[in-house]
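Right, one structure below, let's go through it.
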Amino acid sequence: MRKGFPEGFLWGGATSASQVEGGWNEGGRGLDTQDCRPVGRGLTRAQKNSWDHKQMTTGKFERAIACTTTSEADGSCDYPFRQGSDEYHRWEEDLDLFAEMGMKIYRLSVSWSRIFPNGDDPEPNREGLEYYRRILAGCHERGMKVFLTMLHYAVPVHLVKTLGGWKNRAMVDQYLRLAKTLFTEFGDLVDYWLPFNEMNAGRFNPYNGVALIKDQEENYDQAIFQALHHEFLASALATKMAHEMLPGSQVGCMIARFCHYPATCKPEDQLQQLHDEQYTNWFYTDVMARGIYPEYMERYFDSKGIVIDMEPGDLDVLREGTVDFVSFSYYFTQLSTVDEGWEKTDGNLVVAAANPYLPKSEWGWQQDPMGLRITLNQLWDRYRKPLFVAENGLGATDVLEADGSVHDPYRIKYLRDHIAAMRDAVEDGVDVIGYTIWGIIDLVSCGSIEMSKRYGVIYVDADDECNGTYDRYKKDSFAWYQHCIATNGADL
Ligand code: BG6
């Protein structure tokens, strides 16, 4: 039996450019879709979490494009993604802190519009490339490997205006120009490539995942799955390109993993659980890891009147572009039930059926460390490919004390319990190669667009309206994770 984490296990932290970087109008960067997501001032937590508030509309989009600062002049709303956590100006300090913690790997994403400001520019923006070369090289200089997400939700607005997002097949070519540029420029600096963050987000948050604005779509579901088909092609072609240009390169896929338990032992709930797993999880990883469109989706598409427009050769592309490893984000689990009146709670990207046995975070996300062990076993059984926990962490309200300390025992407990469950999975025989805490440094929440939902083991002094010094402070969880890494997860 295996004991504990293997030598060389990749302990790290994760961020995304739109949430951490800032510098939205510097260095030749163009505007992207995340820069356009407003958060209304004075809203309650429930209002910020409501679907209406998260939804992009043509009106909001146009208004955001016209706004040239981080807040509307009338004070009605802010655009916090434009400021992020100011890593653009503080990346050296951040990397020093990560290295001090002993991190073995940093998962970060590039901003597409920092490299191609409009997406379709004939040449990349050298200043953007130089910024990323500095930060990626800076990781290696400090002994950290690099896990690079090539697209984490943020698409240049020009591509949305001219192509209408991923429902347009022309997006594939634009994306592949980005991919080729990244492989050419950073092939010597990236250890693990991730063509897309959370592929299934396209289904659950179509603005983030596939750059669709709902009121511009006549048939939303059709557009979503067509757009996903284009992302699958782009992912497979990028994977193949990486393997050809950079022999031996490691390219992965990623989903937001929604682990479902049947709410009761009723056969109907069991069947619902099977379908929930297929439609929310397996579909995406089956395409990218097995290289096939699974049969169960034919019936699903038929029931919704969805017809995927494919060109000859598309299925070959998917078959030839399968990934080397499978990664996922893991935050919570939920129930599957046919009972429409079952109590609901919030979860990452979705509203979930509540499980009476699980505690919830302040944001209603059900905490379930054992579900991580279950998920890892299920993924390993199905694909037999190395697994990477690309995101896991606790969004919570933290308090910066007068002496600069932040006491976050709740986060330490969350991380300890999840890492212990991951260690159990390793001892079950699952091949887990790495774990990156989400939001290793506080950043703007993707779902509710606010700084006050904090994930970091490093505190950033900024509020929801982009006020603050943006100075960094170590939370208690910083020293805890440092010790966890130093003992290779043996002493939690
Ligand atoms: C994942 C995303 O879905 O969840 C991240 O990849 C996101 O971008 C994370 O930040 C946590 O979600 P939230 O809404 O709490 O920021």
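May I ask for the net charge around Glu391, where only other residues with Cβ less than 13 Å from the Cβ of Glu391 are counted and Lys, Arg are +1 while Asp, Glu are -1? Every neighbour counted, the sum reads +1. Each label was represented as a point 7 Å from its Cα along the Cα-to-Cβ direction; for Asp74 and His53 these points are 1.9 nm apart.
Find the relative contact order for the chain and round it to a whole percent, using C-alpha pairs within less than 8 Å whose residues are 6+ positions apart. Contact order relative to length: 18 percent. For the range 185-237, the Cβ-based charge dipole about the Cα centre amounts to some 160 debye (Lys, Arg positive; Asp, Glu negative; other atoms uncharged). What you get for the range 397-492, charging only the Cβ of Lys and Arg (+1) and of Asp and Glu (-1), is a dipole of about 180 debye around the Cα centre.
The calculated 222 nm mean residue ellipticity attributable to helices in the chain amounts to -11500 deg cm²/dmol, summing -39500 (n - 2.57) over DSSP H runs of n ≥ 4 and dividing by all residues. By definition, a body whose alpha carbon gyration tensor gives a ≥ b ≥ c is oblate when a/c is 1.5 or more and a/b is not larger than b/c, and the range 12-136 fits this oblate description.
Between the residues Leu358, Val326, Trp342, the greatest Cα displacement towards the positive end of the dipole of the range 278-398, with unit charges on the Cβ of Lys, Arg, Asp and Glu, is found for Leu358.
If you take the alpha carbon radius of gyration of the range 271-421 and divide it by 2.2 N^0.38 Å, what ratio comes out, to two decimals?
Working: Rg = 18.9 Å, N = 151, 2.2 N^0.38 = 14.8 Å.
Dividing the Cα radius of gyration by 2.2 N^0.38 Å gives 1.28.
Could you tell me the relative contact order of the range 35-144? Use alpha-carbon pairs under 8 Å, at least six residues apart, and round to a whole percent.
24 percent
Using the alpha-carbon positions of the chain, Rg (one decimal) and Dmax (whole number) come out as 21.1, 64 Å.
When we measure straight from the Cα of Lys474, which aspartates and glutamates land under 14 angstrom away, once same-chain ones fewer than 8 places off are left out? Those aspartates and glutamates meeting the cut-off are Glu93, Asp94, Asp96, Glu100, Asp398, Glu401, Asp403, Asp408, Asp442, Asp461. Taking all protein chains together, Leu182, Leu43, Leu246 sort by accessible area into Leu43, Leu246, Leu182, largest first [probe 1.4 Å]. Rolling a 1.4 angstrom probe over the range 423-487 with all protein chains present gives an accessible area of which 43% lies on carbon and sulfur atoms. Surface composition of the range 219-332: carbon plus sulfur atoms contribute 52% of the solvent-accessible area (1.4 Å probe, protein chains only, all chains present).
Based on protein heavy atoms only, the chain ends up with 36 Å² per residue of surface accessible to a 1.4 Å probe.
When a/c reaches 1.5 or more, the comparison of a/b and b/c decides; with that in mind, is the range 210-283 rounded, prolate or oblate per its Cα gyration tensor? Walk me through the numbers on the way to the answer.
Details: a/c = 3.67, a/b = 1.43, b/c = 2.57.
It is oblate, given that a/c is not under 1.5 and a/b is not larger than b/c.
Only Lys, Arg, Asp and Glu count, each charged at its Cβ (+1, +1, -1, -1), so figure out the dipole size of the range 185-323 about its Cα centre, rounded to 20 debye. Write out the running numbers ahead of the final one.
Numbers: 9 positive and 23 negative charges, 72 e Å.
The dipole of the range 185-323 has a size of about 340 debye.
Ranked by the mean number of other Cβ atoms within 10 Å of their residues, highest first, the peptides 430-441, 299-310, 234-245 fall in the order 430-441, 234-245, 299-310. Relative contact order of the range 336-489, taken over Cα pairs closer than 8 Å and 6 or more residues apart, is 20 percent. Peptides 184-191, 202-209 ordered by packing proxy, namely the average of other Cβ atoms within 10 Å per residue, highest first: 202-209, 184-191. Using a Förster distance of 25 angstrom, determine the FRET efficiency expected from the C-beta separation of Glu401 and Arg142, and round it to 0.05. That pair, Glu401 with Arg142, gives E of 0.30.
Excluding same-chain neighbours fewer than eight residues apart, the lysines reachable from Lys344 by a Cα-Cα span under 18 Å are Lys48, Lys360. Taking the charge dipole of the chain about its Cα centre, with +1 at Lys and Arg Cβ atoms and -1 at Asp and Glu Cβ atoms, the residue from Cys77, Ala17, Gly119 reaching farthest to the positive side is Ala17. In the chain, with Lys and Arg counted as +1 and Asp and Glu as -1 at Cβ, which of these residues, Asn219, Ala256, His53, has the Cα nearest the positive end of the dipole, that is, farthest along it? Positive-most Cα among the choices belongs to Ala256.
Could you sort 48-56, 95-103 so that the peptide with the highest average Cβ count within 10 Å comes first and the rest follow in order?
Details: 48-56: 15.4, 95-103: 19.1.
Highest to lowest by the protection proxy: 95-103, 48-56.
The values are calculated or read from the model by the stated rules, or taken from the named source; none is laboratory data. Quick caveat, the model's predicted, so the values are computed rather than measured. Methodologically, a virtual Cβ is constructed for each residue, glycine included, from the backbone with ideal geometry; neighbour enumeration extends over all protein chains shown. Only protein heavy atoms, including side chains, enter the accessible area calculation; ligands, DNA and RNA are left aside. Shrake-Rupley method; radii C 1.70, N 1.55, O 1.52, S 1.80 Å.
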